[in-house]
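This report refers to the structure that appears directly beneath it.
The values are calculated or read from the model by the stated rules, or taken from the named source; none is laboratory data. Note that the structure is predicted; figures quoted are calculated from it, not measured. FYI the Cβ positions are ideal-geometry reconstructions off the backbone, even for glycines, and counts take in every protein chain you see.
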Amino acid sequence: MSRPAYITPSMRSDLHDALGEWRGWLADEKRFSSHTLDAYQRDINGFLVFLIERIGSLPGLADLEAMQRADVR
């Protein structure tokens, strides 16, 4: 089954792929409702907009791994 792109903001392909797999897992294995998946997507979109502004470039998995708690606060 084909799924729409999970995230709207631009990001590196590694992060896009990981988020797509996570969404698939939430939908298929955890059986989350479409409303829950949409809410998670909105939250992640907002975080990615913040991250793009914070690092000044397209985010990838390495950027998330390098973040510290203080970066998010």
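Can you tell me which residues in region 56-73 are surrounded by 10 or more Cβ atoms within 10 Å (Cβ to Cβ) and either modelled with pLDDT under 90 or not in a helix (DSSP H, G or I) (or both)? The answer is Ser57, Leu58, Pro59, Gly60, Met67, Asp71, Val72.
In this structure, is Ala18 assigned to a helix (DSSP H, G or I) and surrounded by 15 or more Cβ atoms within 10 Å (Cβ to Cβ)? Yes; evaluated as a whole, the condition is true for this residue.
Could you say whether any residue in region 15-24 is touching a Gly at 6+ places or on another chain (Cβ under 8 Å) and at pLDDT 90 or above? Step through it out loud before you land on a result.
Within region 15-24, the first condition is being touching a Gly at 6+ places or on another chain (Cβ under 8 Å), and the residues that meet it are 15.
Cutting the leftovers down to at pLDDT 90 or above gives us 15.
Looking through region 15-24, at least one residue is touching a Gly at 6+ places or on another chain (Cβ under 8 Å) and at pLDDT 90 or above.
Report, by residue number, each residue of region 12-50 that is of a type in the set (Asp, Glu) and either over 27 Å from Asp71 (Cα atoms) or free of Cβ contacts under 8 Å to residues at least 40 places away in the same chain (or both). Asp17, Glu21, Asp28, Glu29, Asp38, Asp43, listed by residue number.
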